[in-house]
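Contents: one structure, followed by commentary.
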Amino acid sequence: MQSMDLNLLIALDALLQEGSVVAAARRMNLSAPAMSRTLSRIRQSLGDPVLVRAGRNLVPTPRALELQGRVRSLLEDAQSLMRPEASADISTLDRSFTLRASDYVAGIFGARLIALMAKTAPNITLRFALEGKEDVNALREGHIDLDIGVVRESGPEIRVQSVLRDSFVGVVRKGHPLLEGEMSPERFAAERHVSASRRGRTRGPIDDALEQLGLSRSVNFVVPGFYAALFTAASSDIVATMPCGVAIGAEMLGMRVQHFALPLILPTCDVMQAWHPRFDNDAGHRFLRQAVKQVLIHPRAAVR
């Protein structure tokens, strides 16, 4: 395919609108001889005279008249393409987004996010993909539109924004002996524990905090997510540890569990949203990010 000088389209549009080489040259800030040379190139490309003399004026050929509307439309499309995107009408936006999120985020905040979308953008579809391998290529290649989860390594170009800071609490069944009397690191460590880890790990920040006190715990059960840990704790004497939002949500739904403050100093649960910079100025994606932040920034409200 031969390369094409798109400036010829601009010149052709000017010539057809002005019907004069001199006027078209003035419009394009060119000299008349330069515009004449451009007209010669257009004629050669099209195999048509384009403009022919009729007395003292130039008139378009039938081929030129046929092209005039198409040329104008092409240039208007090109100008629209190169303008900054106008604010989209979110209420009519018909689009599907894939969000990669933990069961914590999808379970506690998913329903509230969907409710918000139903009010403001009813034609948007959200598909939650559970966390798996922390693969930044999924964002780069467009398989995932928004990645929501705890702080993780990301590529140097990936945008990251904090959307939630929650604290960890202990969770046991109602009536558990651990709820009686003063909570201490020793009593907490002496219980049997379930670990929520999608990588199957039995050790984490809790064990590091206990180790600093010269203590250790027994992890007897490992599950891939907080909800599995929640059901395990609800139906046994095993102790679970999870973000406070998960525990409060379970209690408000009537599960026979009770959360308690941990007798340890632990890092907070920091949830971020990450996306590829090609979506920085995309109106639909920008709305999605704002909606996620609005929902997650108030974690307690999400479980009411």
Open item on the list: Just to verify a result, which residue in the range 186-218, among those that are touching an Asp or Glu at 6+ places or on another chain (Cβ under 8 Å) and not hydroxyl-bearing (Ser, Thr, Tyr), is surrounded by the fewest Cβ atoms within 10 Å (Cβ to Cβ)?
Closed with: ARG192
Open item on the list: Of everything in the range 38-62, what is loosely packed, with under 14 Cβ neighbours inside 10 Å and more than 19 Å from ASP5 (Cβ to Cβ)? Give them in sequence order.
Closed with: VAL52, ARG53, ALA54, GLY55, ARG56, ASN57, VAL59, PRO62
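Output yes when any residue across the range 80-92 is in contact with a Lys or Arg (Cβ under 7 Å, 6 or more places away or on another chain), within 30 Å of ARG165 (Cα to Cα) and not in a loop (DSSP other than H, G, I, E, B), and no when none is.
Filtering the range 80-92 down to residues in contact with a Lys or Arg (Cβ under 7 Å, 6 or more places away or on another chain) leaves none.
No, there is no match, as no residue in the range 80-92 is in contact with a Lys or Arg (Cβ under 7 Å, 6 or more places away or on another chain), within 30 Å of ARG165 (Cα to Cα) and not in a loop (DSSP other than H, G, I, E, B).
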- [ ] Please verify whether the range 30-37 includes one or more residues that are of a type outside the set (Phe, Trp, Tyr) and crowded, with 16+ Cβ neighbours inside 10 Å.
- [x] yes
Task: Neighbours by Cβ (under 6 Å, 6+ apart or cross-chain): first from the range 101-130, over 19 Å from ILE90 (Cα atoms); second assigned to a strand (DSSP E or B) and of a type in the set (D, E, K, R) - done: ALA129/ARG100
Task: Verdict on SER96 being under 30 Å from VAL136 (Cα atoms) and under 25 Å from the mean Cα position of the chain (by Cα) - done: yes
Task: ASP5 touching a helix residue (DSSP H, G or I) at 6+ places or on another chain (Cβ under 9 Å) and outside any helix (DSSP H, G or I) - done: yes
Open item on the list: If the requirement is being at pLDDT below 95 and not assigned by TED's automatic domain parsing to the domain that holds HIS143, which of these qualifies: GLY284, GLY200?
Closed with: GLY200
Task: Any helices (runs of 4 or more DSSP H) falling wholly within the range 191-304 and containing at least 2 residues that are without any contact (Cβ under 8 Å) to a residue 12 or more places away in the chain and more than 25 Å from PHE109 (Cβ to Cβ) - done: 205-212
- [ ] Considering only residues that are assigned to a loop (DSSP other than H, G, I, E, B) and on the phi < 0 side of the Ramachandran plot, look in the range 16-66 and name the one that is modelled with the lowest pLDDT.
- [x] ARG56
Open item on the list: Among the residues that make up the range 135-149, is at least one of them touching an Asp or Glu at 6+ places or on another chain (Cβ under 7 Å) and not aromatic (Phe, Trp, Tyr)?
Closed with: yes
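The values are calculated or read from the model by the stated rules, or taken from the named source; none is laboratory data. Keep in mind it's a predicted model, so treat the numbers as computed, not measured. We place every Cβ from the backbone using ideal geometry, glycine too, and count neighbours over all the protein chains shown.
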